[in-house]
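Have a look at the structure below before the remarks.
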Amino acid sequence: MSPITRFELTQDMVEQFYREGYFYAPGFLTAEAVAAINNEHAEFANRKGDGTWQSQNIIDIDKAKPSFPNTTDFLTDPAVVSMLEQLLGDRVRIWMGMYAVVEPHGNGLEWHQDNQYTHILGHMLNGFIALDAITQDNAGLWLAPGSHRLGRQPNLKPEGGHKRAAEPANGMPCEPMAPGDAVFFHRETLHHSKQNHTDKPRRAYAFQVAAASCRYAATGKLLEDRMLLSGYRS
């Protein structure tokens, strides 16, 4: 059994992902994995920022491994990768891993889709994992069920920085999350987070993966510049 996850994906979860654009994965990471990831990002989590959402990113697993061994172990864990392959129905590539922090009394992100950044054709997902107890008091996540079926939305913030979409009519707050709980959602599912009203940073890990058959919309090329997670540790 994996020391990182004991989660088991069900067919109902797969169907909800494609129908509603998200599903919950309670207890996705073990307590030991949560503690290890937080420990190696502790300096970043506690630094003073500008009051906005901040992230420490990983794209190249091999380059990141010496600095973030526990985080890269989680991202390449065979049990995690197997679950992602089941969900997307294909081998999977990492797009990005993000240790995401909303500092005390800081603000989260406006409504957006991940696919508003780089336009990708095909199925991709974002796994949002609570590394603290997360509620609406500390910038909990909001989702708009079914919004992934609307396709890529216009960016209402063309001046750069974080993207913004129109606020959906059916936006809803996620359930309270314990450390290690996760919610998985499609790359085109609208989501956002509000303010952290507490005196502590809100820590989460968000990682995006793509089916190996995904292509860049602008060129039609496969995402061969992103590392395959499938078979990485076999």
One quarter of the C-alpha convex hull surface, i.e. the mean projected area of the stretch 169-234 in nm², amounts to 7.8
Springs between alpha-carbon pairs under 10 angstrom, Gaussian network model over the chain: which of 66, 179, 201 fluctuates most? 66
Please report the net charge: other residues with Cβ closer than 15 Å to the Cβ of residue 138, K and R +1, D and E -1. -2
Just to verify a number: FRET efficiency for residue 2 and residue 222, C-beta to C-beta distance, R0 = 35 Å, to 0.05? 0.75
Within 10 Å of each candidate Cβ there may be at most 15 other Cβ atoms; applying that plus a DSSP loop requirement, which trypsin sites (Lys or Arg not before Pro) in the stretch 1-63 survive? 6, 47, 48
Rounded to the nearest whole number, the per residue volume of the convex hull around the C-alpha atoms of the chain in Å³ is 121
Given q = 0.15, 0.21, 0.22 Å⁻¹, what are the Debye log10 I(q)/I(0) values for the stretch 1-93, with equal point scatterers placed on the Cα positions and solvent ignored? -0.74, -1.16, -1.20
Per residue and in cubic angstrom, what volume does the convex hull of the Cα atoms of the stretch 75-122 have? 121
Remind me, relative contact order of the chain in percent, using alpha carbon pairs under 8 angstrom and six or more residues apart? 32
May I ask you to sort 162, 186, 191 by Cβ crowding, counting other Cβ atoms within 10 Å and putting the fewest first? 162, 186, 191
Cross-link reach list, lysines versus residue 157, counting only Cα pairs under 20 Å and skipping chain neighbours closer than eight places: 194
Residue-count net charge about residue 3 - beta-carbon cut-off 11 Å; Lys, Arg +1, Asp, Glu -1: -2
Counted charge near residue 229, where neighbours are those whose Cβ lies closer than 10 Å (Asp, Glu -1; Lys, Arg +1): +2
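Where a number appears in this text, it was derived from the coordinates with a stated rule and is not lab data. None of the values given here were measured: they were computed from a predicted structure. Don't worry about glycine lacking a Cβ; one is built from the backbone with ideal geometry, like all the others, and counts go over all protein chains shown.
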